[in-house]
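Single-structure report; data block below.
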Amino acid sequence: MKSIEGDFKIEAMKKEDWEMVSAIYLEGIQTGIATFQADLPTWEEWDKGHIQSCRFVARREAVVMGWVALSHTSSRRVYAGVAEVSIYIGEAFKGLGVGTALLNEVAHQSEVEGFWTLQAGIIEENKASQKLHSKCGFRKIGIREKIAQMPNGRWHNVVLMERRRSE
C-alpha cells in the first residue's frame with residue numbers, strides 16, 4: 001500500500017471493491033468515449049478477463065476513487081510480457097492526481113511481474129486519457145481508423161499508445 005500526499009492510498013483491488021469499482025466503470029461507459037463496453041460486466045466476467053497481480057484501487061478511507069487493471073493481449077507465449085491497461089477515475093475525483101498515481105503504480109508493478117510493454121487503445125475523443133498516459137511515459141504509436149462502431153451507429157478511431165519497460 002502506498003500513501004500519496006496523505007490524501008489517498010493505492011492498494012491492491014479486492015473482490016469486495018467490485019461495487020465501487022463497477023460504479024466507476026459504469027460512469028466511464030456512460031461517457032461514450034471511455035470504452036467500447038456497452039454493458040457493465042459481472043464480477044466473474046471482469047475477474048476472468050484481467051490479470052490477478054496488477055489490479056489497484058485508489059482509496060480515500062473506505063471510498064474507491066479510481067482503479068486500474070491489466071489484461072493479456074494474446075495467449076501466445078511470445079506476448080506474455082505485453083498487457084493492455086484499463087484505468088477509470090470516478091467523476092468526483094478527477095484532477096486530484098488519482099490517475100497518475102494509479103498508472104504509475106501499475107507500470108511499476110507490471111515490471112516487477114515481468115511485463116515489458118503496456119499498451120492502451122484510447123478512443124480518439126478521450127483527450128484526458130491520452131494526456132494522462134503521455135504524462136506516465138506512454139507514447140502514441142498510431143491510430144486505428146473507424147475500428148469500432150458504437151450501438152448508436154457512430155464510428156470511432158482509436159489512438160494506440162504504449163509504454164516500454166524502463167531499462
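All of the numbers you see were taken from the coordinates with simple rules; none came from a lab. Because the structure is predicted, anything quoted here is derived from the model rather than measured. Reconstructed Cβ throughout: ideal geometry from the backbone, glycine too, with neighbour counts over all protein chains shown.
Do we find that Lys146 is more than 24 Å from Lys9 (Cβ to Cβ) and not polar (S, T, N, Q) in this structure? The answer is yes for Lys146. Looking only at residues in the stretch 146-167 that are within 16 Å of Ile29 (Cα to Cα) and of a type in the set (S, T, N, Q), the one that is nearest to the chain's Cα centre (by Cα) is Gln149.
Cβ-Cβ contacts under 7 Å between residues 6 or more apart (or on different chains), taken from a first residue in the stretch 77-104 that is at negative phi and crowded, with 18+ Cβ neighbours inside 10 Å to a second residue that is part of a helix (DSSP H, G or I) and of a type in the set (Ser, Thr, Tyr), are listed as Ala83/Ser110; Tyr88/Tyr25.
Is it true that some residue in the stretch 69-83 is assigned to a helix (DSSP H, G or I), small (Gly, Ala, Ser) and in contact with a strand residue (DSSP E or B) (Cβ under 7 Å, 6 or more places away or on another chain)? Checking the stretch 69-83: not a single residue is assigned to a helix (DSSP H, G or I), small (Gly, Ala, Ser) and in contact with a strand residue (DSSP E or B) (Cβ under 7 Å, 6 or more places away or on another chain).
Of all residue pairs spaced 6 or more apart or on separate chains, those with beta-carbon atoms under 8 Å, a first member in the stretch 140-154 that is within 14 Å of Gln37 (Cβ to Cβ) and a second member that is not in a strand (DSSP E or B) are Ala148/Phe36; Met150/Gly32; Met150/Phe36; Met150/Ala38; Pro151/Ala38. His108 satisfies every condition listed in (1) free of Cβ contacts under 8 Å to residues at least 12 places away in the same chain; (2) more than 25 Å from Gly32 (Cα to Cα); (3) not in a helix (DSSP H, G or I) except (3). Within the option set Leu40, Leu26, being assigned to a helix (DSSP H, G or I), touching a residue at least 12 places away in the same chain (Cβ under 8 Å) and not hydroxyl-bearing (Ser, Thr, Tyr) holds for one residue only, Leu26.
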